[in-house]
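Bear in mind these aren't lab numbers, they're just calculated from the coordinates by the rules spelled out. Here the structure is a predicted model, which means the values were calculated and not measured. Note that each Cβ is placed from the backbone with ideal geometry, even for glycine, and that neighbours are counted across all protein chains shown.
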Amino acid sequence: MMKHDLKYILAIVIVLFASCNTNQKKETAQQQQNTLVFSQGEKIKNDNFTGTAYLKTLIDADSLNSISVGNVTFEPGARSRWHSHPAGQILLVIDGVGYYQEKGKFKKILHKGDAIKCPPNTPHWHGASADTAFVQVAITGREKGETVWLNVVTDEEYNASGRN
Ligand code: MN
């Protein structure tokens with residue numbers, strides 16, 4: 001009888017241990033999901049952005065490589081001014097929900113995993129959605145000159161309905 005009980009208790013202990021172990025693995029995977037690849041960097045202090053945004057420069061353009069790469073984090077509601085890039089830009093959405101709009105087109109709603117190609121000399125803006133922060137990696141051609149900054153994105157423009 002005693003032996004039987006011990007086997008039973010041992011079986012329960014093994015099941016509990018295995019289940020704890022599984023939970024631990026799940027937590028670790030979840031933590032990895034929540035950990036972003038690039039750091040947030042410094043708060044952007046110029047007036048090219050409305051609201052709070054952060055920039056971590058990953059790659060500066062130089063004489064051998066004319067493309068710069070930066071990780072930009074927008075707090076909910078934060079966005080760039082309207083602007084254009086003489087050599088265009090590619091945006092890779094790293095996390096959250098954001099917006100991208102080209103002049104004369106509908107605002108696009110962006111989600112983690114989306115990639116956007118912004119044509120050269122095309123006025124546009126990008127930023128976070130109203131409720132969710134947004135993290136993007138911006139890959140910008142610099143060989144034809146610096147970004148041209150335009151008007152502030154008004155609340156009316158920002159709040160206009162978007163498309164997925
Ligand atoms: Mn841009």
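Below is a table of values for the structure above.
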{"read-out": "Relative contact order of segment 42-163, defined on C-alpha pairs under 8 angstrom at six or more residues apart (%)", "value": "33"}
{"read-out": "Net charge contributed by nearby residues that have their C-beta within less than 9 Å of residue 123 (K/R +1, D/E -1)", "value": "0"}
{"read-out": "At R0 = 25 Å, FRET efficiency that the Cβ-Cβ distance of residue 105 and residue 37 yields, to 0.05", "value": "0.25"}
{"read-out": "Length released on extending from residue 65 to residue 45, taking residue separation times 0.36 nm less the Cα-Cα span", "value": "4.6 nm"}
{"read-out": "Difference of contour (0.36 nm per residue) and Cα-Cα distance, residue 130 to residue 161", "value": "10.0 nm"}
{"read-out": "Under 5 Å, built H, 5+ apart or other chain: amide partners of residue 129", "value": "77, 97, 98, 99"}
{"read-out": "Global geometry of segment 42-163, whether rounded, prolate or oblate, following the gyration tensor of its Cα atoms and the 1.5 cut on a/c", "value": "prolate"}
